[in-house]
1. Filter segment 19-46 down to residues that are part of a helix (DSSP H, G or I) and either hydroxyl-bearing (Ser, Thr, Tyr) or on the phi > 0 side of the Ramachandran plot (or both), then give me how many there are.
2. So which of Ile63, Ile79, Ile16 is touching a residue at least 40 places away in the same chain (Cβ under 8 Å), touching a strand residue (DSSP E or B) at 6+ places or on another chain (Cβ under 8 Å) and part of a strand (DSSP E or B)?
Amino acid sequence: MNVIWSAEALYELDQIERFIAQNNPQRASEFIETLLQSGDSLAYHPDKGRVVPELSIAAFREILVGHYRLIYYRSAERIDILTVFEGHRLLRLEELMHNPS
């Protein structure tokens with residue numbers, strides 16, 4: 001199954017890396033690599049994430065990576081990673097603008 005990273009998700013990864021790099025550039029690169037690997041691993045285990053609590057729709061799922069939430073949409077053909085953000089906050093619906101459904 002293919003994993004597609006949305007423009008929103010890639011933008012958020014860049015923002016996360018910039019924020020962490022302010023204090024530790026090495027850690028920033030390592031953590032972004034961890035996020036990318038976690039997202040790409042969904043190609044082999046697309047249902048490993050839980051249903052996003054704010055939506056309660058089975059196709060919208062999330063995995064937790066450290067203190068971050070990686071939100072994805074699972075269809076029969078592919079995985080669309082929609083956004084990544086700090087886990088302390090709720091999902092904003094505008095973050096799903098690239099929703100493939």
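1. 4
2. Values: Ile63 fails: touching a residue at least 40 places away in the same chain (Cβ under 8 Å); Ile16 fails: part of a strand (DSSP E or B).
After applying the criteria, what remains is Ile79.
Every number in this text was worked out from the coordinates using simple rules, so none of it is lab data. The structure displayed is predicted, hence computed values, not measured ones. Heads up, the Cβs are rebuilt from the backbone with ideal geometry, glycines too, and the neighbour counts pull from every protein chain shown.
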